[in-house]
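Written out below as structure tokens is the structure these notes cover.
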Amino acid sequence: MRKQKGYIESEFKELDELSPRYRAIMEIVATITSTQPTARRKDILNALTLREGREIDNKDLRKYLMRLVDYGFLEHTGYGEYYIPDPVVKRVFQR
């Protein structure tokens with residue numbers, strides 16, 4: 001698992017350099033999907049707002065989510081629902 005975690009972290013490094021929100025979103029999705037199959041955008045937005053202590057623009061969140069989907073870290077299922085398709089990636093981002 002340590003070797004896999006190192007690989008995932010190295011792949012995620014570019015996103016970490018762009019914004020710490022990418023990691024926060026992945027941690028939030030991993031937490032939410034530990035008890036249900038998908039995380040709704042509304043719930044991700046609420047958790048991120050709570051975490052940062054200020055309101056997050058919905059357009060900004062959409063941009064972050066779409067980039068995570070483009071990189072393959074998240075998958076979009078249905079309207080405003082996301083999950084982490086790789087169980088190893090999910091474990092890396094669970095706290």
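The values are calculated or read from the model by the stated rules, or taken from the named source; none is laboratory data. Because the structure is predicted, anything quoted here is derived from the model rather than measured. Because the Cβ atoms are built from the backbone with ideal geometry, glycine has one as well, and the counts that use them run over all protein chains shown. What goes into the accessible areas is simple: the full protein's heavy atoms, side chains included, and nothing from ligands, DNA or RNA. Shrake-Rupley method; radii C 1.70, N 1.55, O 1.52, S 1.80 Å.
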Simple label model, 7 Å out from Cα along Cβ direction - Thr31 to Arg91, nm: 2.1
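Give me the percent of the accessible area of the range 4-95 that comes from carbon and sulfur atoms, probe 1.4 Å, all protein chains in place. Numbers along the way, then the final one.
Details: 2650 of 5510 Å².
The value for the range 4-95 is 48 percent carbon and sulfur by accessible area.
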Just round it to a whole percent: the fraction of Cα-Cα distances in the chain exceeding 16 Å. 51
In the chain, how many lysine pairs have Cα atoms under 26 Å apart, counting only pairs 8 or more places apart or on different chains? 13
